[in-house]
Amino acid sequence: MVPLLLLGVAAAVRLWDLGDPDRLFFDEKYYARDGLDYVTRGVEEERPAHPPLGKWVIALGIQVFGYTPFGWRIGVAVAGSLTVLLVHLCGLRLFRRTAPAALAALLVALDGLAVTTSRMAMLDATLGLFVVLAFWLVLLDRDARRHARGPDEPLSRSLLGSRYRWLAGLALGLAVATKWSGLLAIAAAGLLVLGTELAARGEGLRRGTRRAAVVAAGGALSLVALPAAVYAAAHAGWFANYADSYAGSRACEAGDCAAGPGDRLETWWENQVDLVRYHQELEATHPYRSDPAGWAWLERPVLVYAESCTSAQQDAGECEIPPGTVARITLVGSPALWWPALIAYPVLLWRAAVRRDGVAATILVPLALLWLPWLAAGKPGYFFYLVPAVPFLALGLVRAVQVGPRPRFVGGALAVLAVAAFAFFAPIWLGIPLDRDSLDLRYWLPSWR
């Protein structure tokens, strides 16, 4: 019943009044319209900036519920809800106990960044689902391979791994086919698989080196080649509807409408190269872009929706919200999760490096690789790029609580704080109208405004 209860909490938060705001806002103006194109044309009309799978998730909701706010958001809301369930399953594999696994899932279910991005027609919550799914499958592969580890095991078994490793590769392909930042998860999965295959075998340097090479070769198949194939397959709609695509329509305007399979493949590859160049050269200015170094302590959240009732609107009876109130939706994490996690990071690092804590190390690898590359990029980004890292943030905090003093009391207090924080910040996460003074109470730091 615990997983069902957690899924119910996550779904209730994400589905409540999902049709409000009753209009496109923030990046929905791109992705919801792309989703509609997928339903009506099979491919987006404009030049794509991201791979198609996340937009197909949005399109599925539109296909079932129509081109309405609920329709273009429901697919992402379901993805965000399922992520909470998967966090619980990951916690069971890591902690081997229900209570800490449930606490990690609850922290994700009630986190502001996870909630808000699950209630918008965007790609990040769907990306987070596939990243956590891949992590869970890597843990299943670890457990399946654990009993076989030993110096006498044939190298061929390390090459292929278990079926869960290949399923993890499939999930990673879905992640990259949603957004290219899923490549960071591939790197994390590869390190975890390598650690699984080499740990506690008692092999000498020569055989250990050979096994590492074999694992790397197998990882290239299951965690690189398979995701690449999934990524290409996700573009089937583009190939099938080439004439209606941005590239196809431009080619037809130039008098070259008859494009065979080889021409389409060549054009598709050129589009991928073009997309790389586009993201490398993108220097968009936006007031809510921020330095990734400040993401960990919620330095600069992202305001995505703001509504108030002007005197003219009130006189015309056109107010979307009650007069005298303000409604906002801000992508900001829960202080009950993100700020205690600042204390958990050094604990996890110490446990992994000094105490050889495998659980801490297993959590740190994806957590670090989903955040540090943005820091290394050396340019501002958006705080919501960390959506896929939220589950590992919660798992890491719970692990730090586990190894600390009075874990039951601290864990219980953390759960109470998470519920209280959600109750307090819900208006700026769900867009509930408040008077201006009450709204200002929710913006704790000057940089949040």
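Throughout, read-outs are computed from the coordinates displayed, never taken from laboratory work. Predicted model only: the values in this text are computed from it and were never measured. A quick note on method: Cβ atoms are made from the backbone with ideal geometry, for glycine too, and the neighbour counts reach across all protein chains shown.
Which residues' amide hydrogens lie under 5 Å from the amide hydrogen of ASP357, considering only partners 5 or more residues apart or on another chain, with H built in the peptide plane?
Correct list: ALA352.
How long are the three semi-axes of the equivalent ellipsoid for the chain, computed from the Cα gyration tensor as the root of 5 times each eigenvalue, in whole Å, largest first?
Equivalent ellipsoid of the chain: 36, 32, 18 Å, largest first.
Let me check I've understood the local charge: for PRO323, count other residues with C-beta under 15 angstrom from its C-beta, Lys and Arg +1, Asp and Glu -1. What total comes out?
Net charge around PRO323: -4.
Pop out the ³J(HN,Hα) list for segment 178-188 in order, Karplus 6.51 cos²θ - 1.76 cosθ + 1.60 with θ = phi - 60°, rounded to Hz; leave Gly and Pro as x.
Once rounded to whole Hz, the list reads 8, 7, 5, 5, x, 4, 5, 5, 5, 4, 5.
Rounded to the nearest 500, what is the chain's calculated 222 nm mean residue ellipticity when only DSSP H runs of at least 4 contribute -39500 (n - 2.57) each, over all residues?
Value at 222 nm, helices only: -20500 deg cm²/dmol.
So who's got an amide H within less than 5 Å of the one on LEU331, skipping anything under 5 residues away but keeping other chains? H placed 1.01 Å off N, in plane.
VAL302, LEU303, VAL304
Just going by the charge dipole of the chain, with Lys and Arg at +1 and Asp and Glu at -1 on Cβ, which of TRP269, ALA104, LEU348 is farthest out on the positive end?
Farthest towards the positive end: LEU348.
Along the charge dipole of the chain, pointing to its positive end and built from +1/-1 on Cβ of Lys, Arg, Asp and Glu, which listed residue (PHE239, LEU86, GLY173) has its Cα farthest out?
LEU86
What number, in nm² with one decimal, is the all-direction average of the projected area of the convex hull of the alpha-carbon atoms of segment 341-426?
In nm², the orientation-averaged hull projection of segment 341-426 is 6.6.
When ranked by the protection proxy of mean other Cβ atoms within 10 Å per residue, highest first, what sequence do the peptides 350-363, 379-392 form?
Going by the mean number of other Cβ atoms within 10 Å, highest first, we get 379-392, 350-363.
What is the dipole size for segment 103-223, taken about its Cα centre, with +1 at each Lys and Arg Cβ and -1 at each Asp and Glu Cβ, in debye to the nearest 20?
Rounded to the nearest 20 debye, it is 400 debye.
Using the Karplus curve 6.51 cos²θ - 1.76 cosθ + 1.60 with θ = phi - 60°, what ³J(HN,Hα) values do you get for each residue of segment 90-95, in whole Hz, with x for Gly and Pro?
5, x, 5, 5, 7, 9
If packing is taken as the average number of other Cβ atoms within 10 Å across a peptide's residues, how do 57-63, 168-174 rank, most packed first?
168-174, 57-63
Counting Lys and Arg as +1 and Asp and Glu as -1, each charge on the Cβ, what is the dipole of the chain about the Cα centre in debye, to the nearest 20?
So the dipole magnitude of the chain works out to roughly 2660 debye.
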